[in-house]
Amino acid sequence: MQKHLSDRINNLATSQTLAMAAKTRELREEGKDIIGLSLGEPDFNTPDFIKDAAIQAINDNYNSYTPVDGYVELKDAIITKFKRDNNLTYNRAQIVVSTGAKQSLANAAMVLLNPGDEVLLPCPYWVSYAEIVKLAEGVPVEVPTTVESNFKITPQQLRDSITPKTKMIWYSSPCNPSGMVYSKQELRALADVLVDYPNIIILSDEIYEHINFVGEHASMADFGDMYDRTVTVNGVSKAFAMTGWRIGYIGAPEWIARACNKMQGQITSGANCIAQRAVITALLAPVSEIKFMVDTFKERRKLIISLMDTIKGFKTPEPEGAFYVFPNISYFFGKTLKGHKINNATDFSMFLLEEALVATVTGDAFGNPNCIRISYAASEDQITEALKRIKEAVS
């Protein structure tokens, strides 16, 4: 019956992060001791004060359909958060709450892209960007970067990539998978190029905003000449350890927000009622409430970088945020390790899974075929053991 499936789904790539997670579970069920460093998921529990708010919502009998674009009280909390943390002023009509930031991204693609519209994706980019663009019948255009450029595009690269078909540019900062952070000055330099192309919409994915080790977070929409053309995407999955609660949101020009509201109304309608009530409490809490997690990630970053520096063939820039390292492992291409011929990053990632029993993700999934992504959202003992296994496997 495969022939009855749509071209849309047949042409859609499987998420490599989820595929590796599934493979990891399969091997564990076979009794193998796999250390999973593939998923972008904090290994902390959701803070108790947020869980208490959810319990209170249950006791208060929140159980009905929610407004498509979110509870008014949650939208007000998001408005407060944007102003407090990002110096961004939005009104309720500019906010849309969704079932995770991934739905926020999909909404934006579906309401803004027509067939053949090009979307610039600075590489590396989050694994689902390109496939979401394709689902909306857009054309993803990769803009390559290197370890030497700290995985950031330059203003000249941006200008050279723009064509008459360019409709949007999508990027994340802090970046998944590289962990790099665009400074305010770097974003301003990119904005100075975009000023010359007023029809290009910017999608700024800021889901890792608070996991930042280098200083103040910068938002493209903070620039007056970019505000009316920027969709700022955020959520609570990463900083608040709430991945399974599935709440994301956007702040956007009102015409885009209204279109996203319309789209969402025909797909999922409003997000989960209990999760929304809990997120009100999360967003209104002082950022200091989650500082302990950020401090822990910073210590783990120091540990994993120090261990990687002892492995020949790994070229690893120090990430500035998020909880990933993205080493260049092209040194191993063309080599045979323990009977495995390594032709590319996918081969190397599978080699580590089978021989070192460590799950990572190929850089091919992120638009960079020379790297792999390793998450350090794991205990120090797990990180130490994983890097020990990797070092032994490639020695």
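Structure values in brief
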item: Solvent exposure of the stretch 291-395 as accessible area per residue, Å², 1.4 Å probe; result: 40 Å²
item: Apportionment of accessible area to carbon and sulfur, the chain, percent (1.4 Å); result: 50 percent
item: Long pairs among LYS32/LYS102; LYS83/LYS291; LYS23/LYS335; LYS81/LYS184, criterion Cα-Cα beyond 23 Å; result: LYS32/LYS102; LYS23/LYS335
item: Of LEU121, GLY100, THR66, farthest towards positive along the dipole that unit charges on Lys, Arg, Asp, Glu beta carbons give the stretch 62-133; result: THR66
item: Computed over the stretch 29-131: relative contact order in percent, which uses C-alpha pairs under 8 Å that are six or more apart; result: 16 percent
item: With all protein chains modelled, accessible area of ILE95 [1.4 Å, Å²]; result: 0 Å²
item: Separation of alpha-carbon centers, the stretch 150-214 and the stretch 1-23, rounded to whole Å; result: 29 Å
item: Solvent-accessible area per residue for the stretch 217-261 (1.4 angstrom probe, square angstrom); result: 28 Å²
item: Extension gain from ARG92 to GLU254, taking 0.36 nm per residue of separation minus the Cα-Cα distance; result: 57.4 nm
item: Distance (nanometres) between label positions extended 7 Å along Cα→Cβ at VAL195 and LYS335; result: 4.8 nm
item: Gyration tensor verdict on the stretch 1-126 (Cα atoms; rounded if a/c is under 1.5, prolate if a/b is larger than b/c, oblate otherwise); result: oblate
item: Chain lengthening between LYS165 and ASP7 when straightened (0.36 nm per residue, less Cα-Cα); result: 54.5 nm
item: Whether the stretch 139-289 is rounded, prolate or oblate, judged on the alpha carbon gyration tensor where a/c under 1.5 counts as rounded; result: oblate
item: Relative contact order (%) - the stretch 173-280, alpha-carbon pairs under 8 angstrom, separation at least six; result: 21 percent
item: Shape call, the stretch 255-299: gyration tensor on alpha carbons, a/c limit 1.5; result: prolate
item: ASP48-VAL72 FRET efficiency (beta carbon distance; Förster radius 22 Å; 0.05 resolution); result: 0.25
item: Taking the chain and dividing mean pair separation by its residue count, relative contact order in percent (alpha carbons under 8 Å, at least six apart); result: 23 percent
item: For the stretch 1-141, accessible area per residue (1.4 Å probe, heavy atoms of protein chains only), Å²; result: 51 Å²
item: 19 Å Cα-Cα reach of LYS341 towards aspartates and glutamates, excluding residues that sit fewer than 8 places from it in its own chain; result: GLU354, GLU355, ASP364, GLU392
item: About the Cα centre, charge dipole magnitude for the chain (Lys/Arg +1, Asp/Glu -1 at Cβ), debye; result: 420 debye
item: Nearest-0.05 FRET efficiency for GLU26 and LYS262, computed from C-beta distance (R0 41 Å); result: 0.55
item: Distance-filtered residues of the stretch 372-395 - backbone nitrogen under 19 Å, label point 7 angstrom along LYS312 Cα→Cβ; result: 387-395
item: Virtual spin-label span in nm between THR243 and THR384, 7 Å along Cα→Cβ; result: 2.4 nm
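The values are calculated or read from the model by the stated rules, or taken from the named source; none is laboratory data. Quantities reported herein were computed from a predicted structural model and do not represent experimental measurements. As a convention, Cβ positions derive from the backbone with ideal geometry for all residues, glycine included, and neighbour counts pool all protein chains shown. With ligands, DNA and RNA removed, areas are computed over all heavy atoms of the protein, side chains included. Shrake-Rupley method; radii C 1.70, N 1.55, O 1.52, S 1.80 Å.
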